[in-house]
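Read through the structure below, which is laid out as C-alpha cells, and then see the notes.
Each value in this text was obtained by applying a stated rule to the coordinates, not by laboratory testing. Worth saying up front: this structure is predicted, and the values here are computed from it rather than measured. Cβ placement follows ideal geometry from the backbone for every residue including glycine, while neighbour counts extend to all protein chains displayed.
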Amino acid sequence: MSGIYLHIPFCKKACNYCNFHFSTNQQKMEDLVYALTMEIKLQQHYLSDTVETIYFGGGTPSLLKSADISLLLNTIHQYFKVSNDAEITLEANPDDIDPHIVREWKNLGINRLSVGIQSFQESDLQWMGRAHNALQARDCIQQAQEAGITNLSIDLIYGGPTLPHENWKLNLKTAIDLGVPHLSCYALTVEPKTALALKINRRELPEIDTQHQAEQFEMLQSITGEAGYEQYEISNFALPGKRSKHNSSYWSGAHYLGLGPSAHSYNGKSRQWNISNNSLYIQSIKKGEIPFEIEELSTAQQINEYIMTALRTVEGISAERLNIIGQKEIFVPLVAEAQKFIQQGLMECSNEHLRITPAGKFMADGIAAELFRD
C-alpha cells in the first residue's frame, strides 16, 4: 500500500506552539491549489503501489473551497490508481465545521475528519491562541456525526500550564462521551522559533513541567484503556477498527508521496522534502520543476528509522522486517542490547517482536536512540 499527503499551508491565525509551515495570508490559495495539481502530474510515477490513503494536512485544509478539494481529488484519481475504499482524511478546525460543509465534504469523497480540538477548556484555547472556543469544540463533533462522517479523530494537547489534572480528565471524558473513535494526544512541546519558545525564553511563561506531563500521560493511558481504546502508537488511541490507516502506513514503512510546500516523500530508499516557501514553490512548479531536496538513506539510517517508528507502535520491532532491512541477522544483538530496558520493565520481547511496555512509553524516543545502529 502507499499514501498521498497534501500540505495546505494556510491558517486563519498562528497558534503560539505551532512550528509547522503555514501562512496566515491566504491570497495565494488558488495559485497553491493549481500548483498542487501540477505537482500531482509531475510526480505521477513516484508511487508504484495502489494508493490506499489520501490525507489533507496543514496548516488548515478545511479552509479550502469544496471545488478545490474536488479538483485535487479528481487529479489524484487521474494520475494514480486509488483503491475504491481508500481512507481519505481532511484535517479541520472546529470553527470551519457546520452540517452543510460536512455533507459537501462527504459527497466529495472525504470519509474521515481529523479535528484540531486541542482542548474543551476555554482557558486552554485562549492561552494557545486557537481560533475556536469551547462551545465550538463540542458542537463540531456532533455536527460532523449528524452530517454523516462518524470516522473522526481529534487532537488533544496535555501538559500545559493552564491544564490541571481535573481538566485533563474532563477533556478525555468529554471526547469519550461524545463517541469520538480516535484520539491523537500530544504533550505540549516547546519548538524553536515559536511564540511559545520566545515567551519562555523571556521568562514571560514558566518552563514546561515534565513531571506534570508524565502524570497526565499516565492518566491518558488509564482512562482510554478503561474506555476500550487501544494505544496502538505512543500518541494515538483508537476504538476497535478505527486506527488511522494513513499514519499507520508511515509507522510501518510504507511508501508515501508528499505534495505541497514542506511536504515529505519516502520510497524506501530515499527521503525528499519540498521547499518551505509558498511563493518559491508555486514559481518552481509553474516552470515544471519540483523544488525539493533529497537524501539517499544508508542501510544504517533505514534501520534506525525503523527502530524509531516501530518502537512507538504496539506491534514493536519485527525480527523478520529488521533483518530484511539490514540484510543480515540484526534482531538478536539488538535484543541483547535491550536487556537493560527489559530488566527495568520498560521493554519486552516475545514472538520475535521487541516492544516498549506501557511503563516505558513516555521514554520511547530516548530508548530508541540508545538502540540505534552505527
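Before moving on, here are some points about what is shown:
- Listed values for region 282-297 are Karplus-derived 3J(HN,Hα) couplings in whole Hz (6.51 cos²θ - 1.76 cosθ + 1.60, θ = phi - 60°), namely 4, 4, 5, 4, 4, 8, x, 10, 9, x, 9, 10, 9, 10, 6, 8, and x replaces Gly and Pro.
- Partners for Lys28 among aspartates and glutamates (Cα-Cα distance below 20 Å; same-chain residues under 8 apart left out): Glu39, Asp68, Glu91, Asp96, Glu289
- As a ratio to 2.2 N^0.38 Å, the alpha-carbon radius of gyration computed for region 180-225 takes the value 1.45.
- Remark on Thr89: its backbone amide H falls under 5 Å from those of Ile54, Tyr55, Phe56, a criterion applied only to residues 5 or more positions apart or on other chains, H modelled at 1.01 Å from N.
- Cα-based shape type of region 153-260, given that a ≥ b ≥ c are square roots of the gyration tensor eigenvalues and the cut on a/c is 1.5: oblate
- Among Thr37, Ala214, Thr60 the positive-end extreme of the charge dipole of region 2-250 (Cβ point charges): Thr37
- Per-residue ³J(HN,Hα) for region 43-60, Karplus 6.51 cos²θ - 1.76 cosθ + 1.60, θ = phi - 60°, Hz, x for Gly and Pro: 9, 4, 9, 5, 9, 9, 8, 5, 7, 9, 9, 10, 9, 8, x, x, x, 10
- Over 29 Å (Cα to Cα) - which of Lys81/Lys106; Lys169/Lys193; Lys169/Lys242; Lys193/Lys245; Lys65/Lys287; Lys245/Lys269 fall in this group: Lys169/Lys193; Lys193/Lys245
- The distance separating the Cα centre of region 1-76 from that of region 232-311 comes to 14 Å.
- The reciprocal of the average 1/r between distinct C-alpha atoms defines the Kirkwood hydrodynamic radius, which for region 25-88 equals 12.6 Å.
- With only the Cα atoms considered, region 247-309 has a convex hull volume of 81 Å³ per residue.
- Average projection area in nm² (convex hull over Cα atoms of region 299-371, one quarter of hull surface): 4.2
- The 3J(HN,Hα) values that the Karplus relation (6.51, -1.76, 1.60; θ = phi - 60°) gives for region 110-119 are, in residue order, 5, 10, 8, 10, 10, 9, x, 5, 6, 6 Hz. Gly and Pro appear as x.
- The chain, helix-only ellipticity at 222 nm - DSSP H runs n ≥ 4, -39,500 (n - 2.57), divided by all residues, nearest 500: -12000 deg cm²/dmol
- Think of it this way: in the chain, Cys11, Cys140, Cys185, Cys349 stand alone, with no other Cys Cβ under 4.7 Å.
- Whole-number percent relative contact order across the chain, with pairs defined as alpha carbons under 8 Å at least 6 apart: 16
- Each principal axis of the Cα cloud of region 78-174 was taken in turn, and the coordinate range along them, longest first, works out to 48, 25, 23 Å.
- Spatially, region 130-151 and region 154-183 are offset by 15 Å when compared through their Cα centroids.
- Taking amide hydrogens as placed 1.01 Å from N in the peptide plane, the amide H of Leu259 sits under 5 Å from those of Tyr5, Leu6, His7, each at least 5 positions away in sequence or on another chain.
- Debye log10 I(q)/I(0) at q = 0.06, 0.07, 0.11, 0.13 Å⁻¹ for the chain, Cα point scatterers: -0.23, -0.32, -0.84, -1.19
- Size of charge dipole - the chain - debye, nearest 20, with Cβ of Lys, Arg +1 and Asp, Glu -1, no other charges: 620
- Among Phe20, Ile8, Ala137 - extreme Cα towards positive end, dipole of the chain, charges at beta-carbon: Ile8
- Backbone amide hydrogens, once placed in the peptide plane, bring Gly253 within less than 5 Å of nothing, excluding anything fewer than 5 places away on its chain.
- Bridges between two residues of the chain, per DSSP, are antiparallel at a rate of about 40%.
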